[in-house]
Amino acid sequence: MTAAATGTATATAIVNIGSLVTNDPALGDGPLGLLEDAAVVFEGERVAWVGAADAAPAADVSYDAGGRALLPGFVDSHSHLVFAGDRTREFAARMSGRPYTAGGIRTTVAATRAAGDGELAANLARFVRETLRQGTTTLETKSGYGLTAADEARALRVAAEQVEEVTYLGAHVVAPEYEDDPGAYVDLVTGEMLDACAPYARWVDVFCEQGAFDGDQARAILAAGKARGLTPRVHANQLSYGPGVQLAVELEAASADHLTHLTDADVAALASGVTVATFLPGCEFSTRAVYPDVRRVLDAGATVALSTDCNPGSSFTSSMPFCVAVAVREMGMTPDEAVWSATAGGAAALRRTDVGRLAPGARADAALLDAPSHVHLAYRPGVPLVAEVWRRGVRVTGPEPADDRGTVPAEN
């Protein structure tokens with residue numbers, strides 16, 4: 001009798017897995033919980049069984065992995081995907097020698113304010129599909145390109161319709177209308193704008209940096225968000241040394257992100273606190289900034305995540321495999337550490353235990369590589385190795401919709 005006939009969830013077995021990353025040391029070797037010649041069984045949206053291929057239980061549907069590697073779906077815990085416009089000229093100028101500053105954000109703010117809801121939603125949908133094709137099954141995204149109460153709220157509303165982890169970032173930069181009165185903008189971010197945005201978000205974030213918000217302003221913004229039930233995250237220490245990391249740890253933020261400039265005290269704070277250290281390799285790659293030394297953070301014992309920081313200005317990549325490769329090549333990480341940080345580490349940065357691993361009870365999110373080992377993500381940079389993706393137990397990869405040509409429709 002089939003699962004449909006009995007009313008039970010469909011059981012799907014992925015068999016003949018050459019190398020399986022479970023991220024559960026109780027299931028296999030090392031921190032990745034590696035298993036060779038393995039199989040997994042999904043029942044509905046959850047992982048039901050993991051083990052040796054020759055011991056796999058019967059299932060309604062069986063998929064032959066052909067000896068390839070299977071790993072948990074990537075967890076991208078930092079992106080900025082609700083926007084309009086293009087900053088190609090800025091990128092070209094930067095590649096010609098102009099340094100990156102936070103000021104370019106205002107260019108995207110102007111384009112985003114001018115865009116209709118339909119354009120923003122269509123752009124976001126295109127990026128969500130793009131990330132999924134590359135193995136990302138859990139995605140966080142932020143507001144931050146509206147900087148008015150109405151525009152920030154609509155950005156979060158659009159995001160919440162398509163993305164499960166949504167962050168309020170009214171404190172991205174000071175809105176241009178408040179350039180001469182940043183204190184009044186902080187009042188807006190912690191008052192009327194927060195009231196409009198809190199219903200759509202789980203997180204509150206702030207860009208604590210020269211040219212954005214100082215430590216006192218960031219503290220006030222995060223405290224206001226916490227009072228409304230939002231959990232802090234912090235853009236910290238990207239462009240310079242500053243108070244962002246210490247503030248994040250003090251407030252028990254879920255993550256401190258960027259971390260390009262870290263003192264020994266910052267590293268010690270991250271190692272002793274609950275805040276996940278999230279590194280964004282695409283940002284240094286795209287701005288020609290100095291890469292952070294993740295090795296010293298790992299060796300101190302801090303929990304590390306990798307994310308894309310996909311945004312139109314400083315890191316316009318949605319590829320977690322690319323970020324894994326750059327982290328290994330430029331940031332002192334081993335392939336195992338980078339893969340863990342792009343899956344289980346991202347889950348920790350979102351305070352999730354149901355994603356980022358392939359173990360009984362976890363969500364059935366997985367990426368099958370066209371390679372025998374997860375190491376190929378770093379070994380073969382730039383190669384589209386993600387062959388198949390399962391999300392919530394459903395195989396979701398395939399051809400693009402017939403009407404998707406990389407463009408967005410005009411709003412009616």
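Quick notes on this one:
- Phi angles across segment 52-59 convert, under the Karplus curve 6.51 cos²θ - 1.76 cosθ + 1.60 with θ = phi - 60°, into 3J(HN,Hα) values of 5, 4, 6, 10, 5, x, 5, 9 Hz, Gly and Pro given as x.
- Placing unit charges on the Cβ atoms only, positive for Lys and Arg and negative for Asp and Glu, gives the chain a dipole magnitude near 420 debye about its Cα centre.
- Paramagnetic reach from SER96 in segment 252-289 [backbone N under 18 Å; point 7 Å along Cα→Cβ]: 287-288
- Residue of ASP370, ASP257, ASP60 that the Gaussian network model of the chain assigns the largest fluctuation, springs spanning Cα pairs under 10 Å: ASP60
- Per residue accessible area in Å² of the chain, where ligands, DNA and RNA are left out and the probe is 1.4 Å: 39
- Reported value for segment 5-55: 77 Å³ per residue, from the convex hull of its C-alpha atoms.
- Using a Gaussian network model of the chain in which every pair of alpha carbons under 10 angstrom is joined by a spring, one finds that among PHE42, PHE279, PHE127 the greatest mean-square fluctuation is at PHE127.
- Distant-in-sequence amide H partners of ALA305 (H built 1.01 Å from N, under 5 Å): ALA277, THR278, PHE279
- Under a 5 Å amide H cut-off, with hydrogens placed 1.01 Å from N, GLU388 pairs with LEU368 among residues at least 5 apart or on other chains.
- Sequence-ordered 3J(HN,Hα) estimates for segment 309-318 from the Karplus curve with 6.51, -1.76 and 1.60 and θ = phi - 60° stand at 6, 4, 7, x, x, 10, 6, 8, 10, 10 Hz, glycine and proline given as x.
- Taking the longest Cα principal axis of the chain as reference, the axis of helix 149-160 is set at about 0 degrees.
- Rounded to the nearest 10 degrees, the angle from helix 215-227 to the longest Cα principal axis of the chain is 60 degrees.
- Residue-wise HN-Hα couplings along segment 162-173, as the Karplus relation 6.51 cos²θ - 1.76 cosθ + 1.60 with θ = phi - 60° gives them from phi, are 10, 10, 7, 10, 10, 10, 7, 10, x, 8, 7, 9 Hz; Gly and Pro carry x.
- Relative contact order, percent, the chain [alpha-carbon distance under 8 Å, six or more residues apart]: 19
- The chain, Cα convex hull volume normalised per residue, Å³: 145
- When the alpha carbon coordinates of segment 74-173 are projected onto the principal axes, the ranges are 37, 32, 22 Å, largest first.
- Sequence-distant residues sharing a close amide H with ALA115 (under 5 Å, placed H): none
- This model, with +1 at the C-beta of Lys and Arg and -1 at the C-beta of Asp and Glu, gives segment 169-298 a dipole about its Cα centre of some 640 debye.
- Scattering profile of segment 27-106 at q = 0.18, 0.25 Å⁻¹ [log10 I(q)/I(0), Debye over alpha-carbon scatterers]: -0.83, -1.40
- Gained length - ARG392 relative to VAL274, 0.36 nm times residue gap less alpha-carbon distance: 39.7 nm
- Segment 260-397: C-alpha gyration tensor shape, a/c 1.5 cut-off, then a/b vs b/c: oblate
- Highest-fluctuation residue, VAL294, VAL394, VAL324 considered, GNM on the chain with Cα pairs under 10 Å: VAL394
- Rounded FRET efficiency, nearest 0.05, which uses the C-beta distance separating ASP187 from ALA110 and R0 of 30 Å: 0.85
- Fraction of accessible area attributable to carbon and sulfur, the chain (%, probe 1.4 Å): 52
- Leading residue at positive end of dipole, the chain (Cβ point charges), from LEU27, VAL245, HIS235: LEU27
- Look at where the Cα atoms of segment 156-177 and of segment 41-88 average out, and the two centres are 27 Å apart.
- q = 0.14, 0.17, 0.20, 0.24 Å⁻¹, segment 206-283: log10 I(q)/I(0) [Debye, one scatterer per Cα]: -0.37, -0.55, -0.77, -1.09
- Binned Cα-Cα distances of segment 136-189, short to long, each 10 Å bin given as a whole percent: 26, 46, 21, 6, 0
The values are calculated or read from the model by the stated rules, or taken from the named source; none is laboratory data. Because the structure is a prediction, the values reported are computed rather than measured. Cβ sites come from the backbone with ideal geometry, for glycine too, and all protein chains shown count toward neighbours. When the accessible area is computed, the model is the full protein with side chains, heavy atoms only, and any ligands, DNA or RNA have been set aside. Shrake-Rupley method; radii C 1.70, N 1.55, O 1.52, S 1.80 Å.
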